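What follows is a single structure, written as structure tokens, with notes after it.
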Ligand code: PMV
């Protein structure tokens, strides 16, 4: 019996994190230079219901049904099974490997779910649409934090740049001219759940001010969409800087992230901001030239890893 294999890319949020949880638009793009892979093999002679999972990157080797019910890998398997009895599933082995750094804002959790859901459903002879995959990843994402906006599962399931407003049909984003984003990892794990809770508490304490901050971020996402779609990506640099300031005001940046953002700008970047939940994780930097100098400045300023990602132009028609 052949192995069933599926891969999923990482992602970055270009604009609008946190505000997206409160109904404002956000923009996210896939990062295909990092990937998660899931491989499912039938275990010939194994008893039904024996689902073994191996994830050597996190030193995990376990029977799925012995994992905690809240474990995201078990949740992803259960999401595929739906109402079916796991005890009746043909014996199989699932192997997960990933080059996406964990807790850095690159969507590693959603990518693991996406690859696993696709490979396992293929093994079971089910064909899922991207939208179905997105929906199942979302169910798993709820374990990570209570109020996911849905942006991570959408961009990772569809593997294309998206303009996203919670509760509305998402739009594919047409990229007129390619542009380069440098991703720099602060080396401090991001804490999305804590950051989302912090923002919620700040909003409860000061709703008028925070509603205004969310609106300002939403306005930046809207302007950036127009600039990206009209072939002026270099002009999003100042908007990235402005979005970072607003994220600082939301309370989700850190001195280390601010230091990296400043270093990138001083070395000639067109703009820089934190990306994802914050309190650690990545910053993203818009670069047109001098990438080596900017990379060096980031490394000197504490980045433990940098990744250059080109956002290619595409031919998506938008309405
Ligand atoms: O930390 P990440 O990359 O999973 O991004 C979280 C984005 C937030 O807007 C903070 C939360 C969400 O659900 O959209």
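Out of segment 254-278, which residues are buried (at least 21 other Cβ atoms within 10 Å of the Cβ) and within 16 Å of the ligand (Cβ to nearest atom)?
The answer is 257, 273, 274, 275, 276, 277, 278.
Would you mind stating whether residue 97 is more than 16 Å from the ligand (Cβ to nearest atom), modelled with pLDDT under 95, outside any loop (DSSP other than H, G, I, E, B) and surrounded by 14 or more Cβ atoms within 10 Å (Cβ to Cβ)? Break it down into steps so the answer makes sense when it comes.
Working: more than 16 Å from the ligand (Cβ to nearest atom): yes; modelled with pLDDT under 95: no; outside any loop (DSSP other than H, G, I, E, B): yes; surrounded by 14 or more Cβ atoms within 10 Å (Cβ to Cβ): yes.
So residue 97 does not fit the description; no.
Exactly one of (1) over 27 Å from residue 173 (Cα atoms); (2) within 20 Å of the chain's Cα centre (by Cα); (3) more than 16 Å from the ligand (Cβ to nearest atom) is unmet by residue 312. Its number?
Exception for residue 312: condition (1).
Any idea how many residues of segment 1-28 are in a strand (DSSP E or B) and either within 13 Å of the ligand (Cβ to nearest atom) or within 30 Å of residue 245 (Cβ to Cβ) (or both)?
10
Quick one: residue 236 ticks every box in (1) within 16 Å of the ligand (Cβ to nearest atom); (2) within 18 Å of residue 13 (Cβ to Cβ) except a single one, so which number is it?
Condition (1) is where residue 236 drops out.
Pull up segment 171-210, narrow it to residues that are assigned to a loop (DSSP other than H, G, I, E, B) and surrounded by 17 or more Cβ atoms within 10 Å (Cβ to Cβ), then point me to the one that is farthest from the ligand (Cβ to nearest atom).
Within segment 171-210, the first condition is being assigned to a loop (DSSP other than H, G, I, E, B), and the residues that meet it are 173-178, 186-191, 206.
From what's left, surrounded by 17 or more Cβ atoms within 10 Å (Cβ to Cβ): 173-175, 186, 190-191.
Details: 173: 17, 174: 22, 175: 20, 186: 13, 190: 5, 191: 9 Å.
If we take residues in segment 171-210 being assigned to a loop (DSSP other than H, G, I, E, B) and surrounded by 17 or more Cβ atoms within 10 Å (Cβ to Cβ), then 174 is farthest from the ligand (Cβ to nearest atom).
Taking residue 31, is it modelled with pLDDT of 95 or more, within 16 Å of the ligand (Cβ to nearest atom) and in contact with a strand residue (DSSP E or B) (Cβ under 7 Å, 6 or more places away or on another chain)?
yes
Can we say residue 57 is under 30 Å from residue 250 (Cβ atoms) and at pLDDT below 95?
Working: under 30 Å from residue 250 (Cβ atoms): no; at pLDDT below 95: yes.
No: the conditions fail for residue 57.
Taking residue 213, is it buried (at least 18 other Cβ atoms within 10 Å of the Cβ), in contact (Cβ under 8 Å) with a residue 40 or more places away in the chain, more than 21 Å from the chain's Cα centre (by Cα) and outside the structural domain of residue 162 (by TED's automatic domain parsing)?
Yes.
The values are calculated or read from the model by the stated rules, or taken from the named source; none is laboratory data. Everything numeric here is computed off the predicted structure, so don't read it as measured data. Please note: Cβ atoms are built from the backbone with ideal geometry, for glycine as well, and neighbour counts cover all protein chains shown.
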